[in-house]
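K.L.:
Structure in structure tokens, see below.
The values are calculated or read from the model by the stated rules, or taken from the named source; none is laboratory data. All values derive from a computational prediction rather than experimental measurement. FYI the Cβ positions are ideal-geometry reconstructions off the backbone, even for glycines, and counts take in every protein chain you see.
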Amino acid sequence: MNMHKIYEIILWNGEIIVLLSENCLIGLFLKTYHRYMGKKTKNILKAAGWVLLTPICLVLLLFVALYIPPVQKWAVDLAADYLSSETGMQVSVGSVRLKFPLNLSMGDVLIVSPPDTILDAKELLASVQAMPLLKGEVKVDYVTLTNTKVNTLDLIESMQMKFSAEQLAVSDVD
């Protein structure tokens, strides 16, 4: 019978390693080290994946959510309130619909600078380019206003435009 003499007992990484001989210790050490590093590396990669993917997923979720009508209405009401407070004008939008990629349709658009109405449009259609938005620029392919009354007051320096139109279309606006 082959008896091995126990040289020492080592506690490493929460595991007991019994040193029977040098060869046996090396084998147990490598097996435990490999398993430990595998878990550690796996955990690091998982954490890095979550850190990198979370912002991307949140941005994608935001873009997808903007195509849901109640979210669109909430966003337009928020923007109208912001414009009203920043310009001192009353801005309201009755309905809104954003279609893929960035075709915007708004109904019953009203902008009032008391006592005058600046814009009263039954419908406003606009197509916005997506890529310039990423650079902080707004480029519009076209704007169409239906059943519109416009009065620019003094918004355009040394000129006032006042008109009504059944349909007004402007294309290739930068």
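K.L.:
For residue 109, indicate whether it is part of a strand (DSSP E or B) and in contact with a Pro (Cβ under 9 Å, 6 or more places away or on another chain).
P.N.:
Numbers: part of a strand (DSSP E or B): yes; in contact with a Pro (Cβ under 9 Å, 6 or more places away or on another chain): no.
Considered against the rule, which asks whether it is part of a strand (DSSP E or B) and in contact with a Pro (Cβ under 9 Å, 6 or more places away or on another chain), residue 109 comes out as no.
K.L.:
Checking residue 120 against (1) under 29 Å from the mean Cα position of the chain (by Cα); (2) at pLDDT 90 or above; (3) of a type outside the set (Val, Ile, Thr), which single condition isn't satisfied?
P.N.:
For residue 120, the exception is condition (1).
K.L.:
Moving to a separate point now. So, in region 123-140, exactly how many residues are surrounded by 13 or more Cβ atoms within 10 Å (Cβ to Cβ) and at pLDDT below 90? Show your work before the answer.
P.N.:
Our first condition is that a residue be surrounded by 13 or more Cβ atoms within 10 Å (Cβ to Cβ); within region 123-140, this holds for 123-129, 132, 139-140.
Then drop every residue that is not at pLDDT below 90, which leaves 128-129, 132, 139-140.
Number of matching residues: 5.
K.L.:
Condition check: within 29 Å of residue 171 (Cβ to Cβ), assigned by TED's automatic domain parsing to the domain that holds residue 160 and surrounded by 10 or more Cβ atoms within 10 Å (Cβ to Cβ). Does residue 86 satisfy that?
P.N.:
Judged against the criteria, residue 86 is not a match.
K.L.:
OK, next. Can you find even one residue in region 163-172 that is under 30 Å from the mean Cα position of the chain (by Cα) and either charged (D, E, K, R) or exposed (fewer than 10 other Cβ atoms within 10 Å of the Cβ) (or both)?
P.N.:
So far as region 163-172 goes, yes, one or more of its residues are under 30 Å from the mean Cα position of the chain (by Cα) and either charged (D, E, K, R) or exposed (fewer than 10 other Cβ atoms within 10 Å of the Cβ) (or both).
K.L.:
Can you tell me which condition residue 147 does not meet? The list is (1) exposed (fewer than 15 other Cβ atoms within 10 Å of the Cβ); (2) at pLDDT below 90; (3) closer than 15 Å to residue 169 by Cα, and all the others hold.
P.N.:
(2) is the only condition that residue 147 fails.
K.L.:
Within region 72-81, identify whether any single residue is modelled with pLDDT of 90 or more, under 25 Å from the mean Cα position of the chain (by Cα) and exposed (fewer than 12 other Cβ atoms within 10 Å of the Cβ), and answer yes or no.
P.N.:
Scanning region 72-81, I find at least one residue that is modelled with pLDDT of 90 or more, under 25 Å from the mean Cα position of the chain (by Cα) and exposed (fewer than 12 other Cβ atoms within 10 Å of the Cβ), so the answer is yes.
K.L.:
Being of a type in the set (A, V, I, L, M), modelled with pLDDT under 90 and within 30 Å of residue 161 (Cα to Cα): is that true of residue 96 here?
P.N.:
Criteria met by residue 96.
K.L.:
Can you pull out the residues in region 76-94 that are outside any strand (DSSP E or B), small (Gly, Ala, Ser) and in contact (Cβ under 8 Å) with a residue 12 or more places away in the chain?
P.N.:
Matches in region 76-94: 80, 88.
K.L.:
Still on this structure, I have one more. Against the condition assigned by TED's automatic domain parsing to the domain that holds residue 77 and either among the basic types (Lys, Arg) or at negative phi (or both), how does residue 108 come out, does it pass? Show your work before the answer.
P.N.:
Numbers: assigned by TED's automatic domain parsing to the domain that holds residue 77: yes; either among the basic types (Lys, Arg) or at negative phi (or both): no.
No, not satisfied.
K.L.:
Hey, can you tell me all the residues within region 150-161 that are loosely packed, with under 11 Cβ neighbours inside 10 Å and of a type outside the set (A, V, I, L, M, F, W, C)?
P.N.:
Within region 150-161, 154, 157, 158, 160 meet the criteria.
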